[in-house]
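What follows draws every value from the coordinates through simple rules; no lab data is involved. No experiment lies behind these values; they were computed from the predicted model shown. All Cβ positions, glycine included, derive from the backbone under ideal geometry; neighbour counts span all protein chains shown.
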Amino acid sequence: MNNQPFVIERTLDAPVARVWDALTQNEQMKKWYFHIADFRPVLGFEFQFTGNSKENIEYLHRCMITELVPLKKLSYSWRYDGFPGNSVVTFELFDEGGKTRLKLTHAGLETFAGGGPDFAKENFAEGWTFIVDKSLKSFLEDKTVQI
């Protein structure tokens with residue numbers, strides 16, 4: 001079994017503060033991420049949201065912020081209500097001269113192995129790649145977006 005975390009790194013054409021706000025301000029998150037009813041960047045804050053599989057099965061995600069370093073790092077636990085496993089999603093930001101290098105790590109994916117095919121590492125890789133390469137990138141780099 002592959003216990004390596006999923007990692008994706010991309011350089012985004014936006015300053016660190018703008019990327020941080022996209023990751024931590026609920027109204028901005030709703031434009032590129034999941035619809036989270038209540039999100040606050042506070043250590044220990046718990047939040048939840050639903051997401052659907054390719055077969056349109058709805059899963060309740062339960063998360064708690066475990067690490068918070070403003071403008072640098074955001075980590076939260078990620079698990080599914082009613083299913084085994086617990087993982088951690090980490091966003092790290094690095095200033096690259098006015099642009100931002102984003103490193104997203106999703107560790108502990110192997111703990112979902114008993115949950116069925118929807119929890120395969122390949123599905124997480126596909127989902128995170130779409131979120132970072134399409135959703136977040138478009139949101140940050142679209143100059144017509146009002147924030």
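Values as computed for the structure displayed
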{"item": "Restricting the stretch 1-17 to residues that are within 18 Å of residue 141 (Cβ to Cβ) and surrounded by fewer than 17 Cβ atoms within 10 Å (Cβ to Cβ), the residue that is nearest to the chain's Cα centre (by Cα)", "result": "8"}
{"item": "Residue 124 being of a type outside the set (Asp, Glu), farther than 23 Å from residue 45 by Cα and in a strand (DSSP E or B)", "result": "no"}
{"item": "Residues of the stretch 65-83 classified as under 11 Å from residue 43 (Cα atoms) and either in contact (Cβ under 8 Å) with a residue 60 or more places away in the chain or among the hydrophobic types (A, V, I, L, M, F, W, C) (or both), total", "result": "4"}
{"item": "Subset of the stretch 29-53 (residues that are part of a loop (DSSP other than H, G, I, E, B), of a type outside the set (Phe, Trp, Tyr) and in contact (Cβ under 8 Å) with a residue 24 or more places away in the chain)", "result": "41, 42, 43, 53"}
{"item": "Positions within the stretch 54-72 being part of a strand (DSSP E or B) and of a type outside the set (Val, Ile, Thr), in sequence order", "result": "58, 59, 60, 61, 62, 63, 64, 67, 68"}
{"item": "Number of the exception - residue 54 against (1) on the phi > 0 side of the Ramachandran plot; (2) loosely packed, with under 12 Cβ neighbours inside 10 Å", "result": "(1)"}
{"item": "Residues being assigned to a helix (DSSP H, G or I) and surrounded by 15 or more Cβ atoms within 10 Å (Cβ to Cβ) - total across the stretch 94-116", "result": "5"}
{"item": "Residue within the stretch 117-135 that is of a type in the set (Ser, Thr, Tyr) and either under 14 Å from residue 23 (Cα atoms) or buried (at least 17 other Cβ atoms within 10 Å of the Cβ) (or both) present", "result": "yes"}
